[in-house]
Every structure is written in structure tokens, then in C-alpha cells.
Amino acid sequence: MEQLELHAEVRTVVGKQVRRLRREDWIPAVIYGPGIESRPLQVRRREAEDVLAEAGTSQLISVRVSGEKEPLHALVREVQRDPISRELLHIDFYHVEMDKPITVDVPLILVGESPVVERGLGILLQLRESIEIECLPKDLVDAIEVDLASLTEVGQEITVADLAIPANIRVLADPDEVVVSVSPVEEAEEEEEAEEVEAAAEAEPELIRRRKEEEVKEEEE
């Protein structure tokens, strides 16, 4: 897999002072993991956003630290954003050693069309959106495809064992676990209605709690 590249500088600003960095269009970051000492970094916001959009958490990134000859091979371990504005606040990079296996969740991508779904006789249900794998960093893949063309009848399913996995990758998920299936139209609609009722029931206590908080706030004012 071709690695993405991100330029970084060693960060000397820590604590609450990182707000100043963000105002100057820098994003605080940290890199840690086997084979290196943890160190604070800072990366340019625009470049970081572009790399994050493409890499997700399952693609290797070459982090080129200013003043260092060799890049650091890393995965994105955690991204912090403002919960309201979604502004990028902080990035955690996990350093990997190229000769040692790593464990990663990679996305499952649906490809092709199910003939029975195309005819309107069934509804496709995706039960897994990612899968955990183990491999050497050089063998890491962006995603694993799930070919829907084999789903020709209602009731059929694709399990983890049915996926086309490269020989140099070990899947850690249960091979019998269902990834996608085709349900009858009526059954799928009933399941959807049941999920909506359950979601509404879960949301009601939260709504009551918020109303009470608003009442308390009004009383305090």
C-alpha cells in the first residue's frame, strides 16, 4: 500500500498554550509506540485534514518530522474534534515497526449488486462495517471488499469466512459471523419499525432529563 505523507515539527508548546498554536493554524499532535520515545508534534491544519480524510485509521502515514532524516511510519490512533464545530483539536499517531505485525480494524466496502435486492424481493442488511485483521504494515489494505453478486436469494448471507482475504492477512473475527444478509421485505420493515420504537423509548428519559436541567437553570436565573 502506498503511504501518505504528513510533515510535522517537534512541539515545544504544551498545556493551555496550545490554543495559541491552533490560532496560528497548527494542530497539536503526539506520536508514540514501539521503537521510539513518545514526543509532542505539531502539524499544519490543512495538510492534516487532507491526510485524515484519506487515511482514516487503517492506512499507514509517513510522518516526516522536521530535522530528522527518516520518516516515522504511523497509524492514526485517535482524533479529537470540537463536539459542536467539528474543528480539529488534536491527533494521536501510533508508531509501527515495519517488520512486526500490527492489529487494525479495516472497513468493509460493499461492491456489486445483489440480483434479488435489485428485483425488489429482498432488503440488504449490513451487520458489520469493519473487520479486525493482523498483518505486517507493508501488507495493510485500505479496505476489504464484500461482493454482493452472490446474494441471489432471500435469506442468503455472506459471513467472514466468505470474504476474499489476501493470504498474508490474518482475520481475527469469528469466521461464522454474518457480514451482510438479505431479508424479506416485510421482515426488514418490521425490524426497522421495532428499532425506531426502541430508539424513541431510549430518547424519552434523555428528553425528560434535559427538560429538568432547563427548569433548574431557569430557577437559578
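Annotation note: trypsin sites (Lys or Arg not before Pro) in the range 66-153 located in DSSP loop regions with a Cβ neighbour count of at most 12 within 10 Å are K69, R86, R119.
Distance between the modelled labels on D162 and D25, one decimal in nanometres: 5.0 nm (7 Å Cα→Cβ projection). Estimated translational diffusion coefficient (Stokes-Einstein, Kirkwood radius over Cα pairs, 4 °C, 1.567 mPa s) of the range 102-185: 97 µm² per second.
Direction-averaged shadow area of the convex hull around the Cα atoms of the range 132-179, nm²? Each step should come with its number before you reach the end.
Details: hull surface 14.5 nm².
Mean shadow area of the hull around the Cα atoms is 3.6 nm².
Placing pseudo-labels 7 Å out from each Cα toward the beta carbon at R128 and E97 gives an inter-label distance of 2.9 nm.
For the range 4-18, putting each phi into the Karplus relation 6.51 cos²θ - 1.76 cosθ + 1.60 with θ = phi - 60° gives couplings of 7, 10, 9, 8, 9, 10, 5, 9, 9, 8, 9, x, 5, 5, 5 Hz, in residue order, rounded to whole numbers and with x for Gly and Pro.
Need one word for the range 4-95: rounded, prolate or oblate. Basis is the Cα gyration tensor (sqrt eigenvalues a ≥ b ≥ c); a/c below 1.5 gives rounded, then a/b vs b/c decides. Note, shape of the range 4-95 comes out oblate.
We did not get these values from a lab; they are worked out from the coordinates using the rules stated. All figures in this text were calculated on a predicted structure; none of them were measured in a lab. Methodologically, a virtual Cβ is constructed for each residue, glycine included, from the backbone with ideal geometry; neighbour enumeration extends over all protein chains shown.
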